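A short reminder: the numbers here are calculations on the coordinates, not readings from a lab. The shown structure was predicted, so the numbers you read here are calculated from the model rather than taken from an experiment. With ideal geometry, Cβ positions are generated from the backbone for all residues, glycine too; neighbour counts draw on all protein chains shown.
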Amino acid sequence: MSTEYAVRSGAVERSTKETQIRIEVTLDGKGMADIDTGIGFFDHMLTALSVHSGISMSIRVTGDLNVDCHHTIEDTGIALGQALGKALGTKSGIVRYGTAYIPMDESLAMASLDLSNRPFLVFNCEFSNQSCGSYDLCMTEEFFRAFAFNSGMTLHINLLYGSNDHHKAEAVYKAVAHALRTAVTYNTDGSTLSTKGVL
C-alpha cells in the first residue's frame, strides 16, 4: 500500500443569532492550535484537545457571552464535530477505535471512542464547583455530546477520581484527545475496519 495520503481537513462556518463560528481542522497537522472563543478556560481545554490529539485546529467564535457561556460552548462542539466528520470522510482506512487513561496530578480520566457513524455519549464525571473562570463545568458534558453526535462518534468518558476541578476537566479533555489520536491514525492496509465493509 502506498504511504502517500491525501491531506485530511475540514472546515465549517456556522452563524446563528447566538453564535458566529469558523473552524478548520487538519487531522495530520501536528496539533497546531489557534483558538479564540472568548472563554479563557475553554480556549485552554480546546488547545489541549488539539495539541494532544495531533489535530491542528483553528477556531474562532463570537458568542452571546452576555447571556452565559452555554451557546458558545455547545455550538463550538457542533461545528468542531462537523469539521472532524468532514476531515474523516468515509472513515475508511483508519484504526477507528481509541482508548486512553490520562492522569492530571491527583485526577484520572478515561476516554474510549469509536468513529463508527453511530453517535452516542456516556459521560460519568462529577465536578465540585460551578465553574472554572467563565467556563461552566456542566458544559463539559454538553460540549462532548455535541462533538460526538456531530462527528458520528461513540464516546465514553469516565472521570475515575480527582479533587481539583481544573485538573479533572483537563484530564477529561486530554483523555479524549489521546483516544482520538489513536482512532484517526491510518491502519496498516487501508481497509475499512467493519464486518459490513463500510461505516
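Mean Kyte-Doolittle of at least -1.0 and a Cα length of 24 Å or more along the axis: which whole DSSP H helices of the chain meet both? Those that clear 24 Å and a mean of -1.0 are 70-88, 165-183. Rg then Dmax, both in Å and based on the Cα atoms of the range 95-199: 14.7, 47.
Semi-axes of the equivalent ellipsoid for the chain, computed as √(5λ) from the eigenvalues of its C-alpha gyration tensor and ordered from largest down, come to 27, 20, 14 Å. DSSP assigns beta bridges within the range 9-183; of those with both partners inside it, close to 80 percent run antiparallel.
Adding -39500 (n - 2.57) for every DSSP H run of four residues or longer, then dividing by how many residues the chain holds, sets the calculated 222 nm ellipticity at -11000 deg cm²/dmol.
When the Cα positions of A148, T16, H166 are compared along the charge dipole of the chain, A148 comes out farthest toward the positive end, with charges on each C-beta of Lys, Arg, Asp and Glu. Counted by neighbouring Cβ atoms within 10 Å, the residues T26, T185, T76 run from fewest to most as T185, T26, T76. Taking 20 Å as the straight-line reach from the Cα of K30, the lysines in range (excluding those fewer than 8 positions away in the same chain) are K86, K91, K174. Each Lys and Arg Cβ is given +1 and each Asp and Glu Cβ -1; about its Cα centre, the chain then shows a dipole of about 820 debye. Please label the shape of the range 1-115 as rounded, prolate or oblate, based on the square roots a ≥ b ≥ c of the eigenvalues of the alpha-carbon gyration tensor (a/c under 1.5 means rounded; beyond that, a/b larger than b/c means prolate, else oblate). Oblate, since a/c reaches 1.5 and b/c is not below a/b.
Test of understanding: ordering C132, C138 by Cβ neighbours within 10 Å, fewest first, what list do you get?
The most exposed by this proxy come first: C138, C132.
Given R0 = 45 Å, the distance between the Cβ atoms of R14 and V95 translates into a calculated FRET efficiency of 0.95. Among D189, D75, D34, the order by Cβ neighbours within 10 angstrom, fewest to most, reads D189, D34, D75.
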